[in-house]
Amino acid sequence: MPESYNDKVLEYFRNPKNMGKMEDADGIGKVGNAVCGDVMHIYIKVKNNRIVDCKFATFGCVAAIATSSILTELAKNKTLEEALKITNKDVADQLGGLPQIKMHCSLLAEEGLRSAISDYRQRISQKK
Ligand code: FES
């Protein structure tokens, strides 16, 4: 387990992909960590049960921004069921690892995506 951020984490922090609010999102996940106060919003666009677009807005630490950014890439083109299987460990692994003390930050990414999917499902069930 590395003790500091690797280059990939820093790259995703400095040049995050898919950052910004999605105005016409089909589902929005809002999660936060009460201890550090960091907040993450995950936006998804869904077509035929598949995530066709995913963006994020995160107010948080380096790890929170890097994990939410890479999560949006992992989630894209996955079915909702596949996306629900993405764990915080998958996110951290995809970044080449996180320092142990920052692993909890990657949990926000996992929870944010789950929250966005459940928001989407709730909206769909209300339309029926
Ligand atoms: Fe709060 Fe990283 S320190 S999410």
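The values are calculated or read from the model by the stated rules, or taken from the named source; none is laboratory data. Everything quoted here is computed from the prediction, not taken from an experiment. Cβ sites come from the backbone with ideal geometry, for glycine too, and all protein chains shown count toward neighbours. Just the protein is used for accessible areas: all its heavy atoms, side chains included, with ligands, DNA and RNA removed. Shrake-Rupley method; radii C 1.70, N 1.55, O 1.52, S 1.80 Å.
Please verify whether the stretch 18-36 includes one or more residues that are modelled with pLDDT of 95 or more, part of a loop (DSSP other than H, G, I, E, B) and within 16 Å of the ligand (Cβ to nearest atom).
no
Quick check on my filter: what residues within the stretch 63-85 are open to solvent by less than 10 Å² (accessible area, probe 1.4 Å) and more than 11 Å from the ligand (Cβ to nearest atom)?
SER69, ILE70, LEU71, THR72, ALA75, LEU80, ALA83
For GLN100, indicate whether it is open to solvent by 10 Å² or more (accessible area, probe 1.4 Å) and either closer than 20 Å to GLY60 by Cα or modelled with pLDDT under 95 (or both).
It is true that GLN100 is open to solvent by 10 Å² or more (accessible area, probe 1.4 Å) and either closer than 20 Å to GLY60 by Cα or modelled with pLDDT under 95 (or both).
Of all residues in the stretch 38-62, which are open to solvent by 50 Å² or more (accessible area, probe 1.4 Å) and within 16 Å of the ligand (Cβ to nearest atom)?
Result: VAL39, PHE59.
Considering each of THR87, THR79 in turn, give the residue that is free of Cβ contacts under 8 Å to residues at least 24 places away in the same chain and hydroxyl-bearing (Ser, Thr, Tyr).
Just one listed residue meets the conditions, THR87.
Give the residue, chosen from LYS85, LYS17, LYS21, that is under 17 Å from ASP119 (Cβ atoms) and not aliphatic (A, V, I, L, M).
LYS21
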